[in-house]
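The values are calculated or read from the model by the stated rules, or taken from the named source; none is laboratory data. If you're wondering where the values come from, they're calculated on a predicted model, not measured in any experiment. Cβ sites come from the backbone with ideal geometry, for glycine too, and all protein chains shown count toward neighbours. Note: accessible area is taken over every heavy atom of the protein model, side chains too, but ligands, DNA and RNA are not part of it. Shrake-Rupley method; radii C 1.70, N 1.55, O 1.52, S 1.80 Å.
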Amino acid sequence: MSEPTAWEVQPYDGWASLEDARSQWSDAQAMPDDELTGYLQTAYEQCVEFAPAVVGTVIPARLVQAQVMQARAVWRSLTSGDQDTQGPDGYTVTVFPMDWTVKALLRPERGVPVVS
């Protein structure tokens, strides 16, 4: 068995696996396992802090998707050199720590009952 890396995490626990990340995120396909694991671990910690507690042993698919999206956002923020990303049209967009889409996956808005 090889020596653990600084990025090594606990065995798969129902959250995003390397395969999940690579199937949803094209840049992850060429990324070394230990690097991708690190981004997934960082995203996992952030998602767990923001998401409501998971009840039961099955992790909802939306949480797995949110973790992969957050891992990609962390990767982009580290590889862009700053907090801004320039689009193909030349406009600069500020990248936020956790996108509203990820937040919506972690804490979906509940419908408000309407009484008529």
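Restricting attention to region 25-51, the residues being in a helix (DSSP H, G or I) and either small (Gly, Ala, Ser) or open to solvent by 80 Å² or more (accessible area, probe 1.4 Å) (or both) number 9.
Right, Ala66: at pLDDT 85 or above, under 17 Å from Ala104 (Cα atoms) and touching a Cys at 6+ places or on another chain (Cβ under 8 Å) or not? Even if it seems obvious, please write down each step before you answer.
Details: at pLDDT 85 or above: yes; under 17 Å from Ala104 (Cα atoms): yes; touching a Cys at 6+ places or on another chain (Cβ under 8 Å): yes.
Yes: the conditions hold for Ala66.
Does Arg76 fit the bill of being exposed (fewer than 15 other Cβ atoms within 10 Å of the Cβ), out of contact with any Asp or Glu (no Cβ under 6 Å at 6 or more places or on another chain), closer than 19 Å to Trp25 by Cβ and at pLDDT 80 or above? Considered against the rule, which asks whether it is exposed (fewer than 15 other Cβ atoms within 10 Å of the Cβ), out of contact with any Asp or Glu (no Cβ under 6 Å at 6 or more places or on another chain), closer than 19 Å to Trp25 by Cβ and at pLDDT 80 or above, Arg76 comes out as yes. Applying the set (1) at pLDDT below 85; (2) in contact with a strand residue (DSSP E or B) (Cβ under 7 Å, 6 or more places away or on another chain) to Phe96 leaves exactly one unmet item: (2).
Taking Val54 as the residue in question, decide whether it is at pLDDT 85 or above and either within 19 Å of Gln24 (Cβ to Cβ) or open to solvent by less than 60 Å² (accessible area, probe 1.4 Å) (or both). So Val54 fails the test.
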